[in-house]
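Here the structure comes first, spelled out in structure tokens, and everything after it is commentary.
A short reminder: the numbers here are calculations on the coordinates, not readings from a lab. Note that the coordinates shown come from a computational prediction; the quantities given were computed from them, not determined experimentally. Note that each Cβ is placed from the backbone with ideal geometry, even for glycine, and that neighbours are counted across all protein chains shown.
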Amino acid sequence: MPTKHLTRKELTREDEIHSTLSRIYAFSLVHRLEIILAVVAVMVVGAGIIFYRNYEGKTNAEAQNLFAQSLDALHVHEGQVVVSGGSPDKYRKALEGLQALVNRYPSSDVRPLAQYYLGLTQKGMGKTQDAARVWQSVIDQGDNAEVVQLAQHQLGLWYIEKGESARAVDLYAAIASSGKSNFPKDVALFNLGQAYEGAGKKKEASETYTKLLTDYPDSPLKEEAEMRLNLLLPSRASSKG
């Protein structure tokens, strides 16, 4: 059965969407931790009173610092990790820092996000198999719904690129049916439709695009979904013409 590949326009749209989602989820989680740490710092300094900080809090602070140091060398552009200034040494430093965080602080609040970025870093370095294993680990652990669904999104794209769209179907179906995070459902449905197409399941793909158009009529993916649906159902395009 011929493999269905995403068009350049569709990949660009997916990259733009993922880039936006990554920044929203990543920075919201990072800033949440920074606020917590800032409050603790004020309490410790105020009036010279030293408050007791338990081991878990200290561990999270150390993990957060290591995470921030690792991300200093990286930024995300169109779904890919890019090295600031183009230095391979910074790339390796970020990879080492994220891996160290994952290994040293298994219970840290920031660990799931660090794993996700570790996968993006590995993908950017061409280590796609390693990236896929990391994202699968994030999914299996299930510690943070938003990060889990970002990992599912990336892993699904990897499967589609490999021509294994059938394996992406379950990932995107899980995102589309989940109520545990704010991952845009229209994006999940579009991804699911693409996965169904790649797997040769035209009926399921048509139904999925139809659901996207019905449930999310103002989606920025409306035009692409209409196009895919018309290709799958030529009679629909003819009737509209």
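Below is a table of values for the structure above.
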| quantity | calculated |
| --- | --- |
| Dimensionless Rg over Rh [the range 165-241; C-alpha; Kirkwood] | 0.98 |
| Sequence-distant residues sharing a close amide H with TYR216 (under 5 Å, placed H) | none |
| Taking LYS90, LYS203 and counting other C-beta atoms within 10 Å, the order from fewest to most | LYS203, LYS90 |
| In Hz, Karplus ³J(HN,Hα) per residue of the range 192-202 (6.51, -1.76, 1.60; θ = phi - 60°; x = Gly, Pro) | 5, x, 4, 5, 4, 4, x, 8, x, 9, 5 |
| Unit charges on C-beta of K, R, D, E only; dipole of the range 142-241, Debye | 360 debye |
| Shape of the range 134-206, Cα gyration tensor, a/c cut at 1.5 | oblate |
